[in-house]
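Report on the structure given below.
Computed from the coordinates by the stated procedures, all read-outs in this text should not be read as laboratory data. All figures in this text were calculated on a predicted structure; none of them were measured in a lab. Cβ placement follows ideal geometry from the backbone for every residue including glycine, while neighbour counts extend to all protein chains displayed.
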2 protein chains.
Amino acid sequence: MPLLVMKFGGTSVADLGKIRAAAGHVKREVDAGNQCAVVVSAMAGHTNQLVDWTQEAGALHDAREYDAVVSSGEQVTAGLLAITLQGMDVPARSWQGWQIPIRTNEAHGIARIAKIQSEDMKAGLSREEVAVVAGFQGIGPDDRITTLGRGGSDTTAVALAAALGADRCDIYTDVDGIYTADPRLVPRAHRLDKISYEEMLEMASLGAKVLQTRSVELAMRHSVRLQVRSAFEPPDACSAAHNGPWDGPGTLVCDEEEIVEQSVVSGIAYAKDEAKVTLLKVADKPGVAAGVFGPLAEANINVDMIVQNVSDDGRYTDLTFTVQDSDLDRAMAVLEKAKKKINYMEARGSTDIAKVSVIGVGMRSHAGVAAQMFGALAEKGINIEAISTSEIKISILIDAAYTELAVRTLHSLYGLDGK
Amino acid sequence: MPLLVMKFGGTSVADLGKIRAAAGHVKREVDAGNQCAVVVSAMAGHTNQLVDWTQEAGALHDAREYDAVVSSGEQVTAGLLAITLQGMDVPARSWQGWQIPIRTNEAHGIARIAKIQSEDMKAGLSREEVAVVAGFQGIGPDDRITTLGRGGSDTTAVALAAALGADRCDIYTDVDGIYTADPRLVPRAHRLDKISYEEMLEMASLGAKVLQTRSVELAMRHSVRLQVRSAFEPPDACSAAHNGPWDGPGTLVCDEEEIVEQSVVSGIAYAKDEAKVTLLKVADKPGVAAGVFGPLAEANINVDMIVQNVSDDGRYTDLTFTVQDSDLDRAMAVLEKAKKKINYMEARGSTDIAKVSVIGVGMRSHAGVAAQMFGALAEKGINIEAISTSEIKISILIDAAYTELAVRTLHSLYGLDGK
């Protein structure tokens, strides 16, 4: 009997009506002969309310107490969905993280799943009882509730799919799949039928907010086939899950090998929440990078792109890198404090930049993708301030004002416009 | 080191401001050198919201899922109070029912506590860490969350006090103690310094809503000294707990022996939520009571007072009894259905009645209390429709319109007016 993990995010269970709609999707899969484990988030807004309360109770609160409070949202949704399913004559029961149990490490608030003991749940599933699982939570070595951080329910779903050896993990969300670009920016963007884990990982970490990066990594490591689909289509209109060739709704995130017709470029992503820092006239000698990035790392500031120009005379260089918008002020303060030690002339910070990325596993076997990109952007008069590449991705830093133009230009360039 | 259990009800933790006030009470007791376990209810209104959701999800819901949903309210308050205490430099941690664990029977929604394994909590308390306990909840033999029914947090507090061998259990609520009568009805009612368990039990079950009956029974069985006091007095204004002779705030519920100057009558209680049923011309023969009350019991209708008149000719009798207001329609239907079998002429139901009760352990050694009562009421022209007595209580049924007059008359009669 095929086993499915289904996951419904906060907007998909925001009220009792939406919970009923989610239950409709579950019933469809059960009726089609699937065993189902369903992971739920808290009702939209509920978690924020709980987080606000913990803040109000004490700004520097104990993460263990934060977890006890905040995890209650998923507990509520799981119970309500189980009740709703029962009302549709679908046998169901709720499972809290500690009941399964989902064992995590001790990092309260940002815990990582260590092990899922799924024997009891499997026994329930084989009695054809739907398992409704509170997402986002587990139990730590101290036998107290832990939470997995923002978007943790995706991680719960994928980890559970891996532990149960599920045939697929369906992520129900408020969009109907993964697009070649943000449809709000690029009207001619279209939904991908399939995307590889590697590409999805780049998409996720580069600003396409549909899936949490960690959950995609986990899916890749355990070869969990992920389907991203809309929770808001009427349940009856969707075909049930099956294990044959893919013709389902939404986008399937899977192994590269499963994608027969692979385009060179699968999608264009962008991020506007980065800031650029440039250090002018840094002494060009061994150890200078450590001198700059050491203090930033200590201050817990993540650095993304780094560009170092070779200097003319070999004595000075200019160093450019990007950090999160929200970290810029702290980064500038850290650099000011370390100015003597690093030995630079001036530090400049700017938030008026955007990162635009071209992603596709096809790049591995196609030369000239970057050259095409730079040519097309030059033609539009868009200046490239920094470049960083990986095997399947080229990212550039540009003036934020040109974001739309750049994304649309590249979307057309690589033949992604409305297939 | 003295050990206190403190309990805060829903109105005493209704928002973050009230939670801070509750934390102030806890800090006072900690500063005075007490080990403290604090039991909390859900924030006022929160439980009702959760109950509404379960109703909306499915009217005939699984009680196990109901428990999973509804218990989350106490989990939230416990975490928030722990955070607030930590912010006041009072070491604290939250405990959920399943973490302690508080083991209950399998009756989800109305579970009874079977055993509290308090070893881990005791270890925390002896490190001077306040234990903040989510009330109202436990864990059943199926390892799923159970709840204890309405007012269950009182029961949690008393059971915990018994398990920990606490020196006292303080119930913080929105009134400042137990009164000789409802102050809204009797302006000259006054707060009792002490009341015996037996009296409190009669008060609780007869309509004084301060303490849940079950928790008083439990306190009596385990000799837990209960203090009922206001959560809304400023913490600094109250003296800290001590084990000497009683001069604390609020009302102490304790063993009869601890009350030196015992009055004959301690209080007057009333209940307006009962209905009277009279069966006219019932055949007066063995088995008739079983014929009437058997079907009512099967329909889960609780019968309170029963009065059967001896008939003149020994062939017929009139039978009067009371049920809850809310059960009257069902009771009448049950009786109608069993009319042939019971063999009565007519059934009459009325909700315009009130039960008024005089309570006091002193009655045991004082004759004539009932006679005095009946005389005083007759003088005011109040007709008594039924009488039921126990060792320490006399209850009468009267026309509801005379409730205030009767309660005030009796309050004066037994010398309870404004000492």
Identity and axial distance of the chain A residue whose Cβ lies nearest the axis relating A to B, Å: A:S72, 2
Which whole number gives the average, over all residues in B:89-99, of C-beta atoms from other chains lying within 10 Å of the residue C-beta? 3
Computed about the Cα centre, the charge dipole of segment B:262-419 from +1 Lys/Arg and -1 Asp/Glu charges at the Cβ has a magnitude in debye, to the nearest 20, of 260
Evaluate the distance, in nm, between pseudo-label points positioned 7 Å from the Cα of B:T11 and of A:A371 along their respective Cα→Cβ axes. 8.1
A:E119-B:A114 FRET efficiency (beta carbon distance; Förster radius 25 Å; 0.05 resolution): 0.45
Debye log10 I(q)/I(0) for the protein assembly as shown, one point scatterer per Cα, at q = 0.05, 0.10 Å⁻¹: -0.40, -1.11
What are the distances, in nm and sorted shortest first, from the label point of A:A376 to the label points of the same position in each other copy, with each label point placed 7 Å from Cα along the Cα-to-Cβ direction? 9.5
Starting from the Cα gyration tensor of segment A:262-419, take the square roots of the eigenvalues, sort them a ≥ b ≥ c, and report rounded, prolate or oblate (rounded when a/c is under 1.5, otherwise prolate if a/b is larger than b/c, else oblate). prolate
Reach of B:K281 by Cα under 17 Å, taken over aspartates and glutamates that are not fewer than 8 positions away in the same chain: B:D312, B:D313, B:D318, B:E336, B:E346
Given the C-alpha atoms of segment B:3-256, compute the convex hull and give its volume per residue in Å³. 124
Of B:K7/B:K393; B:K272/B:K393; B:K272/B:K380; A:K7/A:K272, which ones are farther than 24 Å apart at the Cα? B:K7/B:K393; A:K7/A:K272
Of A:V51, A:S350, A:L81, which is farthest towards the positive pole of chain A's charge dipole, taken about the Cα centre with +1 and -1 on the beta-carbons of Lys, Arg and Asp, Glu respectively? A:S350
Using only the Cα atoms of segment B:311-384, what are the Rg and Dmax in Å? 17.4, 47
Ordered by residue, what ³J(HN,Hα) values in Hz, to whole numbers, does segment A:397-411 give under the Karplus form 6.51 cos²θ - 1.76 cosθ + 1.60, where θ = phi - 60° and Gly and Pro are x? 9, 9, 4, 4, 4, 9, 4, 4, 4, 5, 5, 5, 4, 5, 4
About the Cα centre of segment B:3-256, how large is the charge dipole given +1 on each Lys and Arg Cβ and -1 on each Asp and Glu Cβ? Please answer in debye to the nearest 20. 100
Please compute the length gained on full extension between A:N302 and A:A107, using 0.36 nm multiplied by the number of residues separating them and subtracting their Cα-Cα distance. 68.3 nm
So, in nm and shortest first, the distances from B:R191 to its counterparts in the other copies, with label points 7 Å along Cα→Cβ, work out as 6.6
What whole-number volume per residue, in cubic angstrom, does the convex hull of the C-alpha atoms of segment A:44-154 give? 93
With θ set to phi - 60° and the Karplus curve 6.51 cos²θ - 1.76 cosθ + 1.60, what are the ³J(HN,Hα) couplings of segment B:359-375 in order, to the nearest whole Hz, using x for Gly and Pro? 10, x, 5, x, 4, 4, 9, 10, 7, x, 5, 5, 4, 4, 4, 4, x
Return the lysines within reach of A:K276: Cα separation strictly under 18 angstrom, same-chain partners fewer than 8 residues apart disregarded; answer none if there are no such residues. A:K339, A:K355
For segment B:84-159, which trypsin sites (Lys or Arg not before Pro) are in a loop by DSSP, counting at most 10 other Cβ atoms within 10 Å? B:R127
Per the C-alpha gyration tensor (a ≥ b ≥ c, the square roots of its eigenvalues), segment B:121-165 is rounded if a/c is under 1.5, else prolate if a/b beats b/c, else oblate; here it's prolate
Just from its helices, what would the mean residue ellipticity at 222 nm be for the protein assembly as shown, if runs of 4 or more DSSP H residues each count -39500 (n - 2.57) and the sum is divided by every residue, rounded to the nearest 500 deg cm²/dmol? -10000 deg cm²/dmol
Out of B:I306, B:I268, B:I171, a Gaussian network model of chain B with alpha-carbon springs under 10 Å gives the largest mean-square fluctuation to B:I306
Calculated from backbone phi, Karplus (6.51, -1.76, 1.60) coupling profile of segment B:344-356 in Hz, x at Gly/Pro: 10, 7, 8, 10, 10, x, 8, 9, 7, 10, 9, 10, 10
For B:R315, label point 7 Å along C-beta direction: distances to other copies, nm: 13.2
At a Förster distance of 45 Å, what's the computed FRET efficiency of B:H222 paired with A:R348, Cβ-Cβ distance as r, to 0.05? 0.05
